[in-house]
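Remarks on the structure that follows.
The values are calculated or read from the model by the stated rules, or taken from the named source; none is laboratory data. Note that the structure is a prediction, hence the values are computed from the model and not measured. All Cβ positions, even for glycine, are placed from backbone atoms using ideal geometry, and neighbour counts span all protein chains on display. When the accessible area is computed, the model is the full protein with side chains, heavy atoms only, and any ligands, DNA or RNA have been set aside. Shrake-Rupley method; radii C 1.70, N 1.55, O 1.52, S 1.80 Å.
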Amino acid sequence: MKIHNLRDILAKLSRELQRAEDVDADARKEMRELHRHVDRLEQAHGTEVDTFLDQIKALESRFAAEHPTVARVARELADAVAKMGI
């Protein structure tokens, strides 16, 4: 999977977060972090990818109950990163 595909999924996740009600500042901060990680992912070493996946999974867990669509897109992003085989 190419980085531009990850960017597409991350953009989708951002749109879902914008639509979701009662999203706190911490979640929005995490999204900014995810964007920065995608920017660096091509040159990433294993530990950075692991950190990126951990952040995605944390975001997914946070929204699993109240915002299932956001959680689903976060899971899609995590799967895409894992499939990259970096």
- request: Evaluate the following for residue 60: is it touching a Lys or Arg at 6+ places or on another chain (Cβ under 7 Å) and either of a type in the set (Phe, Trp, Tyr) or modelled with pLDDT of 80 or more (or both)?
  value: yes
statement: Output for Cβ contacts, cut-off 8 Å, separation at least six or different chains, first residue over 18 Å from residue 15 (Cα atoms) in segment 67-86, second of a type in the set (Phe, Trp, Tyr) and assigned to a helix (DSSP H, G or I), reads 81/52
- prompt: When you look at residue 39, is it open to solvent by 20 Å² or more (accessible area, probe 1.4 Å), modelled with pLDDT of 80 or more and in a helix (DSSP H, G or I), yes or no?
  reply: no
message: Looking only at segment 1-33, count every residue that is farther than 18 Å from residue 66 by Cβ and outside any helix (DSSP H, G or I) and tell me the total.
response: 2
- request: Specify the residue that is surrounded by the most Cβ atoms within 10 Å (Cβ to Cβ); the eligible residues are those in segment 60-84 that are among the small types (Gly, Ala, Ser) and under 13 Å from residue 34 (Cβ atoms).
  value: 74
